[in-house]
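Following: one structure in structure tokens, then a few remarks.
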Amino acid sequence: MSRMLWNERYTKGLPSLEIPDPYFLSMYEQFPAGGKALDVAAGSGRHTLYLAERGWEVTAVDFSDVAMEQLSLRAEGLKVRTVCADLSAFEIADKYDLIVLYYYFDVAIFPAIIDALKPGGVLVLKLAIERAADENILPLLNELEQLNYSQRPVKHRGVAEGLFRKI
């Protein structure tokens, strides 16, 4: 989708994306105790804000400048840095204790995400996949320790959810 369409969506509001995802919350206790986090395709920042309110230093990256502007306002006073960037060209220049990857599935970014995790760092993800039975993302993450993972059908597609640690 184009930046203009995403900007329009965020201008209208996406209430379903304002609260942290239940899977994210259920895995939170297994995250490191704190540190630096990267929220990839952060959108309006539901996970960014949750983490920052708990003392994390979070970098949020998204394609939509409207979403990043909204997040900057909502994150005032918190340790949040927003970056408006096309993720297909974004270079991750730092190392992170936690990386959040929700609903942005581009095979090409997985090596950079794995490289950006500190040893002991955790990746939490939820991705839409074509069909739960036909698409397996685990080979993309074979360098990481699998802590939790499942694929399930949802409507006309599938969803993959997982928590992985860099050894």
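The values are calculated or read from the model by the stated rules, or taken from the named source; none is laboratory data. Please read these numbers as outputs of a predicted model, since none were measured by experiment. We place every Cβ from the backbone using ideal geometry, glycine too, and count neighbours over all the protein chains shown. With ligands, DNA and RNA removed, areas are computed over all heavy atoms of the protein, side chains included. Shrake-Rupley method; radii C 1.70, N 1.55, O 1.52, S 1.80 Å.
The table below gives the values:
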{"item": "Test: residue in the stretch 92-111 that is farther than 26 Å from L140 by Cα, in contact (Cβ under 8 Å) with a residue 60 or more places away in the chain and out of contact with any strand residue (DSSP E or B) (no Cβ under 7 Å at 6 or more places or on another chain)", "result": "no"}
{"item": "Residue that is open to solvent by less than 70 Å² (accessible area, probe 1.4 Å) and in contact with a Phe, Trp or Tyr (Cβ under 6 Å, 6 or more places away or on another chain), where the choices are L101, L127", "result": "L127"}
{"item": "Which numbered condition V40 fails, given (1) touching a helix residue (DSSP H, G or I) at 6+ places or on another chain (Cβ under 9 Å); (2) hydrophobic (A, V, I, L, M, F, W, C); (3) surrounded by fewer than 19 Cβ atoms within 10 Å (Cβ to Cβ)", "result": "(3)"}
{"item": "The stretch 142-155 - residue that is modelled with pLDDT under 95 and surrounded by 12 or more Cβ atoms within 10 Å (Cβ to Cβ) and, of those, farthest from Q30 (Cα to Cα)", "result": "P153"}
{"item": "Helices (runs of 4 or more DSSP H) wholly inside the stretch 1-115 containing at least 2 residues that are within 24 Å of R165 (Cα to Cα)", "result": "22-27, 46-52"}
